[in-house]
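Everything on this sheet refers to the single structure shown next.
None of the figures in this text is laboratory data; all of them are computed from the coordinates on show. What you see is a predicted model; the values in this text were computed from it and never measured. Cβ placement follows ideal geometry from the backbone for every residue including glycine, while neighbour counts extend to all protein chains displayed.
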Amino acid sequence: MTTQEFIQIMDSGAEVIAHSEVHLYMTYLSNEAMKITTALNNAYHTPEEISSLLERLTGKPFPEGAAMFPPFYTDCGKNIKLGRNVFINAGCQFQDQGGITIGDGTLVGPKTVIATLNHHQHPAKRANLFPKPVTIGRNVWIGANVTILPGVTVGDGAIIAAGAVVTRDVAENTIVGGVPARLIKTIDTEEST
């Protein structure tokens, strides 16, 4: 199996059966990601060195203007798509097998968790997985200690308050917060700055 074949299967949303070829390849990619994130997280690196390590991790060029403060954790890396001028703060955990897309200009607060996998509910099949992508729009601000669950889409310009658990889609230009996250207000985009 190739990484591209693996990503196509994960992007399809098909159930991943425990101990199948896909599941074993997932474990292989997890081990590769652990090697790279260990190197990233256990020494000081210049911004250029961080970019280089993230290019190895994701298999893609690091976008223009993007930045990250380690430590950073992921158990795959290959299904992360970042836009330009994205900032990822320290201590974030991305479970990206199901796909994580983050749009231009988005700010990701420290210790944010983004999950894209659910386990089977039936106890006998609990190790089986269901991937669902997380898509975050442009110019989103994600506060500290936020958790975003599989299948969520966050609209452009939204704000997610610190500590929120996002279980469903967030409309553009809204502020959500709480557990589970609920609408707090709509952002007046006509306000002067």
Checklist entry - In nm, what is the difference between 0.36 nm times the number of residues separating Tyr28 and Asp188 and their Cα-Cα distance? => result 53.0 nm
Checklist entry - Which number comes out as Rg/Rh for the chain once both Rg and the Kirkwood Rh are worked out on C-alpha atoms? => result 0.98
Checklist entry - If you take the Cα atoms of the stretch 91-137, find Rg, then find the Kirkwood Rh from the mean of 1/r over all pairs, what is Rg/Rh? => result 1.09
Next on the checklist: If you take every residue apart from Pro131 with its C-beta less than 13 Å away from the C-beta of Pro131, what net charge results, scoring Lys and Arg +1 and Asp and Glu -1?
Outcome noted: -2
Checklist entry - Once Lys and Arg get +1 and Asp and Glu get -1 on their Cβ, which of Pro71, Thr58, Pro47 lies farthest toward the positive end of the dipole of the stretch 46-90? => result Thr58
Checklist entry - Given the Cα-Cα distance of Lys125 and Asn41 and 0.36 nm per residue of separation, how much length would full extension add, in nm? => result 26.8 nm
Next on the checklist: Cut-off under 16 Å on the C-alpha distance; same-chain residues fewer than 8 positions from Lys111 excluded. Which aspartates and glutamates are left, in chain and number order?
Outcome noted: Asp75, Asp96
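What's the local net charge at Gly103, with K and R +1, D and E -1, over the other residues with C-beta under 13 Å away?
Computed value for this residue: 0.
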Next on the checklist: Quick check: pseudo-label points 7 Å beyond the Cα along Cα→Cβ at Phe87 and Ser52, how many nm apart are they?
Outcome noted: 2.5
Checklist outcome for this item: Given the candidates Gly103, Ala181, Asn139, the one whose Cα lies deepest towards the positive end of the charge dipole of the stretch 91-193, counting +1 at each Lys or Arg C-beta and -1 at each Asp or Glu C-beta, is Ala181
Checklist outcome for this item: Expressed as a percent, the portion of alpha-carbon pairs in the stretch 122-193 spaced more than 15 Å apart is 55
Checklist outcome for this item: With bins of 10 Å, the percent of all Cα-Cα pairs of the stretch 1-76 per bin from 0 is 17, 45, 27, 11, 0
Checklist entry - Which of the peptides 29-37, 182-190 is most tightly packed, and how do the rest follow, judged by the mean count of other Cβ atoms within 10 Å per residue? => result 29-37, 182-190
Item to check | Dipole of the chain, positive end: most advanced residue of Asn85, His122, Leu149 [Cβ charges, Cα centre] | outcome: His122
Next on the checklist: Multiplying the sequence separation of Ser12 and Thr135 by 0.36 nm and subtracting their Cα-Cα distance, what value in nm do you get?
Outcome noted: 42.8 nm
Checklist entry - If Lys and Arg each add +1 and Asp and Glu each add -1, what is the summed charge of the other residues whose beta carbon sits under 14 Å from the beta carbon of Pro47? => result -4
Next on the checklist: Considering only C-alpha atoms, what is the centroid distance from the stretch 1-75 to the stretch 109-178, in Å?
Outcome noted: 19
